[in-house]
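Enquirer: Here it is, the structure, as structure tokens.
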Amino acid sequence: MTTPAADPAAPVPDVPTPPAGRSPAPLPGTPAPAPGPATRRRISGAVWFALAIVYVVWGSTYLGIRVVVETMPPFLSAGARFVVAGVVLAALLAWRHGPAVLKVTRPQLASAALVGLLLLLGGNGLVVLAETSVPSGLAALLVAVVPAWVVLLRTAAGERPGLGAYTGVLLGLAGLAVLTLPGLSGDVRIGGVLTVIAATVMWSAGSFSSSRIPMPKNPFTASAYEMVAGGLGCLALGLVRGEQRGLDPGAFSARSWTAFAYLVLFGSLIAFTAYAWLLQSAPLSLVATYAYVNPVVAVALGALLLDEALTWPIALGGAVVVAGVCLIVSTERRPERTERRN
């Protein structure tokens, strides 16, 4: 799962808004900002390049997390990553725009902290914990069901996303059932699978709430506070779990350190910046395709680089989940196209 990123209407990959992000990334099924002039222009090479960064980098974060937790404690490593990324982002913002860019009201700060805890402690943190026993590709496929939860949350709030979105939810949940049935997905602990599912619910709640509470106006500023708050939450939980006992940084492998640095620099900063720029420069319907491309990238990388098994139930369940997300995204595209014609 990505880190928070700039989402004018909700969180990103953290950004993620997301996958380290998401306020966090606007996920398919969440209210989206109205398309700007960029949606009427021909899509430029810069847009495709930025989109490729989001596709590949966020898709690879699941692999990175899996490598990090080989020798590093899950919550302490996640907390350190988010705090470092948040502080670096805040410093870059202050350097580029002046310290005033970080000024927020108390309600805005409280909202950003809440969203950060939901996304990064509850969402990303639980995924990190789960990947100590769940393959990175399977984790990514389970996380792909997030848009379906968002649609259900919108329904509970009185919205009516439409028949296509509900059909996508049913497909997503059917795929989720295939992925979680005991014995079908190979030698995977059901506790880890359920932890990922809990993470998707928390991530969805953070994404959904971010557009309904007073957030900082600058999405980059919001993401910086989210990452720091979520990171501190992960560190606190890691200490409560006793992850510091017997901790020996000298025992951390070089590949875990490399993956950690990759997640901070590429997952939380570069991909986040690319995603935030895309939100202002490309059609939201195009940007939202990361939701079903990232799992495919994650599964491919897990199989190629970590030799993770790709069984037929994982392939089938993943395909059904991705199909459901595609349907939800395509349903969200229609209002944009109608508005464009008007």
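Enquirer: If you place +1 on the Cβ of every Lys and Arg and -1 on the Cβ of every Asp and Glu, how big does the dipole about the Cα centre of segment 68-169 come out, in debye to the nearest 20? Please list the in-between numbers first.
Expert: On the way: 6 positive and 3 negative charges, 89 e Å.
Using only the charged Cβ atoms, the result is roughly 420 debye.
Enquirer: Hey, another quick one. Just in segment 94-203: which trypsin sites (Lys or Arg not before Pro) are loop by DSSP and have at most 15 other Cβ atoms within 10 Å?
Expert: Details: sites: Arg96, Lys103, Arg154, Arg189; in loops: Lys103, Arg189.
When the trypsin sites (Lys or Arg not before Pro) of segment 94-203 are filtered for loop state and at most 15 Cβ neighbours within 10 Å, Lys103, Arg189 remain.
Enquirer: What number comes out for accessible area per residue over segment 58-137 if the probe is 1.4 Å? Units Å², please.
Expert: 37 Å²
Enquirer: Would you mind getting me the FRET efficiency between Leu181 and Asp248? Use the beta-carbon distance for r and R0 = 35 Å, nearest 0.05. Write down the numbers at each step before the final one.
Expert: Details: r = 39 Å, r/R0 = 1.11.
The calculated FRET efficiency here is 0.35.
Enquirer: Right, something else. When the accessible area of segment 58-140 is split by element with a 1.4 Å probe, what percent falls to carbon and sulfur?
Expert: 70 percent
Enquirer: By how many nm would the segment from Ala323 to Thr155 lengthen if fully extended, with 0.36 nm per residue of separation less the alpha-carbon distance?
Expert: Full-extension gain reported as 58.4 nm.
Enquirer: Could you check the spin-label model distance between Leu163 and Arg212? Points 7 Å from the Cα along Cα→Cβ, value in nm.
Expert: 2.7 nm
Enquirer: Can you list the HN-Hα couplings for segment 117-127, worked out from phi with the Karplus curve (6.51, -1.76, 1.60; θ = phi - 60°), rounded to whole Hz and with x for Gly and Pro?
Expert: Using θ = phi - 60°, the values come out as 5, 5, 6, 9, 7, x, x, 5, x, 5, 5 Hz.
Enquirer: What distance in nm separates the simple spin-label points at Leu304 and Ala236, each placed 7 Å from Cα in the Cβ direction?
Expert: Inter-label distance under the simple model: 4.1 nm.
Enquirer: Right, another one. Please give the Cα centre distance for segment 259-305 versus segment 74-151, rounded to the nearest Å.
Expert: Between the Cα centres of segment 259-305 and segment 74-151 lies a distance of 14 Å.
Enquirer: Here is a further query. Taking the Cα centre of segment 178-286 as origin and charging only Cβ (+1 Lys, Arg; -1 Asp, Glu), how large is the dipole, in debye to the nearest 20?
Expert: Magnitude of the dipole: close to 140 debye.
Enquirer: Put +1 on the Cβ of every Lys and Arg and -1 on every Asp and Glu Cβ in segment 125-266; which of Gly162, Leu141, Gln244 then has its Cα farthest towards the positive end of the dipole?
Expert: In segment 125-266, that residue is Gly162.
Enquirer: Which residues in segment 193-220 have a backbone N closer than 19 Å to a point placed 7 Å from the Cα of Arg106 along the Cα-to-Cβ line?
Expert: Inside the label zone: 213-217.
Enquirer: Something else about it: Could you give me the ³J(HN,Hα) list for segment 66-83, computed from phi with Karplus coefficients 6.51, -1.76, 1.60 and θ = phi - 60°, whole Hz, x at Gly and Pro?
Expert: 4, 6, 4, 6, 4, 10, 10, x, x, 6, 5, 5, 5, x, 4, 4, 5, 5
Enquirer: At R0 = 22 Å, how high is the FRET efficiency between Phe49 and Leu265 if r is their beta carbon distance? Nearest 0.05 is fine.
Expert: Calculated transfer efficiency: 0.80.
The values are calculated or read from the model by the stated rules, or taken from the named source; none is laboratory data. Only a predicted model underlies this, so the values are computations on that prediction, with no experimental measurement involved. Cβ sites come from the backbone with ideal geometry, for glycine too, and all protein chains shown count toward neighbours. Accessible surface areas use protein heavy atoms only, side chains included; no ligands, DNA or RNA. Shrake-Rupley method; radii C 1.70, N 1.55, O 1.52, S 1.80 Å.
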